[in-house]
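The values are calculated or read from the model by the stated rules, or taken from the named source; none is laboratory data. Fair warning: this is a prediction, and the values are worked out from it, not measured in the lab. Quick reminder, even Gly has a Cβ in these numbers, built from the backbone with ideal geometry, and neighbours come from all protein chains shown. Ligands, DNA and RNA are stripped out before the accessible areas are found, and what is left, the full protein with its side chains, is counted by its heavy atoms. Shrake-Rupley method; radii C 1.70, N 1.55, O 1.52, S 1.80 Å.
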Amino acid sequence: MIVAMQEKATEEQIDAVIDAMVEAGVGVHRTTGAMQTILAGVGPTASLDLSKFELLPGVEHVHRISSPYKLAGRSFRPEGTVVEFRNGVKVGGQQVIVMAGPCSIENHEQIFETARRVKASGGSFLRGGAFKPRSSPYAFQGLGIPGLQMMREAADAHGLLVISEVMEIAQIEPMLPLVDCFQVGARNMQNFNLLRELGQVRKPVLLKRGIAATIEELLLSSEYILSGGNYDVILCERGIRTYETATRNTMDIAAIPVIKKLSHLPIVADPSHGTGRRDMVAPLAKAAVAAGADAILVEVHPNADKAASDAAQTLYLEQFDTLMNELRVIAAAVGRTL
Ligand code: PEP
Ligand code: MN
């Protein structure tokens with residue numbers, strides 16, 4: 001259930017409504033928007049008489065949430081979620097944010113040179129995997145925590161934020177001081193134990209859509225994180241598996257406006273995994289910004305063809321710089337900055 005408080009509702013009135021909801025046996029999640037406070041009640045609400053809550057002082061309206069996802073739905077935060085990071089970076093705001101870096105952290109020179117160029121081109125985040133979910137157990141698996149430390153140093157040296165993939169619960173703690181945002185990969189979108197644990201941390205999480213997941217399943221997965229009280233969740237469209245073989249995955253651009261409508265969470269587009277082809281990354285990145293993406297996640301490398309993983313879809317740094325200039329034009333055309 002959603003209880004929307006009146007704009008002028010007092011703290012005492014809000015507390016009284018929370019108490020009444022708790023007494024009725026529902027878990028309460030509060031969000032304080034620019035205009036009003038919204039209280040979402042999750043749990044056994046089906047049998048509750050909602051009119052009882054409608055009569056409480058300070059309440060504007062009460063309604064049931066018809067979708068299976070309760071906290072990810074737009075009615076919890078009608079004005080949208082803005083996830084705030086250090087350096088004044090905001091994902092979900094007016095500015096389109098760019099996250100770029102290699103698929104995998106490989107060595108000092110690679111990650112420092114990438115950081116320098118990502119910053120110079122206008123990126124905000126340095127991406128790079130330290131723990132890699134590879135299809136083959138014989139492929140490069142990543143440098144682990146030492147690699148992540150190297151990326152942290154490179155990012156700090158150039159005023160960038162760090163995003164990196166967490167594959168299992170045991171990695172959360174050692175990663176915490178080294179990342180600004182956890183990435184949950186497509187293969188782990190339904191690793192519910194990992195998601196629950198990330199609901200307990202107070203650091204943003206970027207949740208990628210699974211390769212065969214519906215939008216509803218993505219939103220339900222985000223609910224595992226949100227219901228733990230971590231409301232800083234960013235969704236990511238990274239292509240899904242279809243019958244089409246011309247691209248590695250089928251980039252579902254339509255998912256961007258669909259998610260914007262259904263959810264308040266920011267949505268990021270990853271055209272690198274979405275296409276798997278270097279020559280297709282820029283067109284799809286531009287399409288994603290035009291469609292309303294709040295950020296772009298893209299793989300770049302100083303020597304892209306020699307990248308230890310995902311070389312075929314990785315941009316050279318010069319190509320990335322050109323793309324950034326093009327994206328600025330697209331962003332402006334849809335009333336945003338980059
Ligand atoms: C990645 O970002 O390098 C990655 C492994 O992504 P995905 O989980 O989307 O395959
Ligand atoms: Mn990759």
Note to self: Among the residues of the stretch 99-114, what is the count of those that are of a type outside the set (D, E) and either more than 16 Å from ligand 2 (Cβ to nearest atom) or not assigned by TED's automatic domain parsing to the domain that holds E153 (or both)?
What the structure shows: 3
Note to self: Looking at the structure I just gave you, is A170 in contact (Cβ under 8 Å) with a residue 60 or more places away in the chain and open to solvent by 10 Å² or more (accessible area, probe 1.4 Å)?
What the structure shows: no
Note to self: Of all residues being touching a residue at least 40 places away in the same chain (Cβ under 8 Å) and assigned to a strand (DSSP E or B) in the stretch 194-239, which is nearest to P174 (Cα to Cα)? Just the residue, please.
What the structure shows: L206
Item checked: Unique residue being of a type in the set (A, V, I, L, M), in contact with a helix residue (DSSP H, G or I) (Cβ under 7 Å, 6 or more places away or on another chain) and open to solvent by less than 50 Å² (accessible area, probe 1.4 Å) when the list is L206, L195, L218 -> L195
Next item on the list: Provide a single number: the residues in the stretch 289-309 that are more than 15 Å from ligand 2 (Cβ to nearest atom) and of a type in the set (G, A, S).
Entry: 5
Notebook entry, point to check: Of the residues V201, V184, which is within 16 Å of ligand 2 (Cβ to nearest atom) and out of contact with any helix residue (DSSP H, G or I) (no Cβ under 6 Å at 6 or more places or on another chain)?
Noted result: V184
Checklist line | Among residues of the stretch 261-298, those that are of a type outside the set (G, A, S), closer than 21 Å to V233 by Cα and out of contact with any Pro (no Cβ under 6 Å at 6 or more places or on another chain), counted | finding: 14
Notebook entry, point to check: Taking the stretch 102-116 as the search range and keeping residues that are farther than 14 Å from L317 by Cβ and touching a Leu at 6+ places or on another chain (Cβ under 9 Å), which one is most open to solvent (accessible area, probe 1.4 Å)?
Noted result: N107
Margin query: I'd like the residue in the stretch 239-275 that is of a type in the set (G, A, S) and surrounded by fewer than 17 Cβ atoms within 10 Å (Cβ to Cβ) and, out of all such residues, is farthest from ligand 2 (Cβ to nearest atom).
Written below: A254
Next item on the list: Being of a type outside the set (A, V, I, L, M) and within 30 Å of G93 (Cβ to Cβ) is the filter here, so list the residues in the stretch 16-48 that pass it.
Entry: G27, H29, R30, T31, T32, G33, Q36, T37, G41
Next item on the list: Mind listing whichever residues of the stretch 141-165 are surrounded by fewer than 20 Cβ atoms within 10 Å (Cβ to Cβ) and either under 20 Å from D270 (Cβ atoms) or touching a Pro at 6+ places or on another chain (Cβ under 8 Å) (or both)?
Entry: I145
Note to self: Within the stretch 49-66, take every residue that is under 25 Å from L219 (Cα atoms) and out of contact with any strand residue (DSSP E or B) (no Cβ under 7 Å at 6 or more places or on another chain) and give me the one that is surrounded by the most Cβ atoms within 10 Å (Cβ to Cβ).
What the structure shows: R64
